[in-house]
Amino acid sequence: MPAYQAVLFDFFGTLTRSVKRGPQHAEIARALGCDPDAVLSVLDRTFQVRARGQFGSAEATLRWVTEQAGGSPRPAQLRAAVPARVDALRADTELRADAESVLTAVKSRGLRTALISDCTHELPAFLPSMPIAPLLDVTVFSVEVGRCKPDPLIYLEACWRLRVAPEDCLYVGDGGSRELTGAAAVGMTPVRLAAPDLADHLVFNRDDDFAGLSVPSLSAVVDLLDRVPALN
């Protein structure tokens, strides 16, 4: 009987390398008649409410953001900007070189896999096209469940879908959204990914006080799993 039954992963900064906004975001802002810096300011200060889906659809959310930045977008502009934002976030996202191999290794050990991500509408739109998608048994997106980490319910939703108890889960994340503290609070074993590239990662509400287990790479998670009896 393995010490864990499932490994749950964060997405941005964990299964991906550090995330930085590329030039497409400024282009989208200008196409909507807005100053790019004003749009980025709104995006930064409203991430969590947008990630909880509080403004409705992707188009409704983008309209709200644009209006907050001083724009008055036409419906046709918004319709064009929604897929452009999906493309922009996808362009910002580079999977770690070992993401596929680590997920494959976890599953080969008889463990289930899940993704829990604080995200807006774009990630659910492009994740199915990524090579890691078939390796995830469960995906839980904050924008779809209306909860962000460290809210206990987003972790418990993943457990319910996996049919496992929180105590049987290892949670791996870079520490954004106070996700490690939240995972520990529901009974999971949290592990911080402390990869060197994360020094300039775009992150909100960082889990700076976490003092638990840490690994330097995703591949080290597999090594940790193989050493679990010695840890317990």
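Odds and ends about this structure:
- Portion, in percent, of the accessible area of the chain that falls on carbon or sulfur, probe 1.4 Å: 51 percent
- Computed FRET value (nearest 0.05) for ASP208 with ALA3, which takes r as the C-beta separation and R₀ as 25 Å: 0.35
- Spatial separation of Cα centroids for region 1-39 and region 58-96, in angstrom: 13 Å
- Counting only DSSP beta bridges with both residues in the chain, the antiparallel share comes to about 5 percent.
- GNM top mover of PRO150, PRO75, PRO36 - the chain, alpha-carbon springs below 10 Å: PRO75
- Dipole size of region 93-232 about its Cα centre, with +1 on Lys/Arg Cβ and -1 on Asp/Glu Cβ: approximately 420 debye, rounded to the nearest 20.
- Shown here for region 25-106: GluC sites (Glu not before Pro) in loop regions (DSSP other than H, G, I, E, B) with at most 10 other Cβ atoms within 10 Å, of which there are none.
- THR16 accessible area, assembled protein chains, probe 1.4 Å, Å²: 0 Å²
The values are calculated or read from the model by the stated rules, or taken from the named source; none is laboratory data. No experiment lies behind these values; they were computed from the predicted model shown. Glycine also receives a Cβ, built like all others from the backbone with ideal geometry; neighbour counts cover every protein chain displayed. SASA here: full protein model, heavy atoms, side chains in, ligands and nucleic acids out. Shrake-Rupley method; radii C 1.70, N 1.55, O 1.52, S 1.80 Å.
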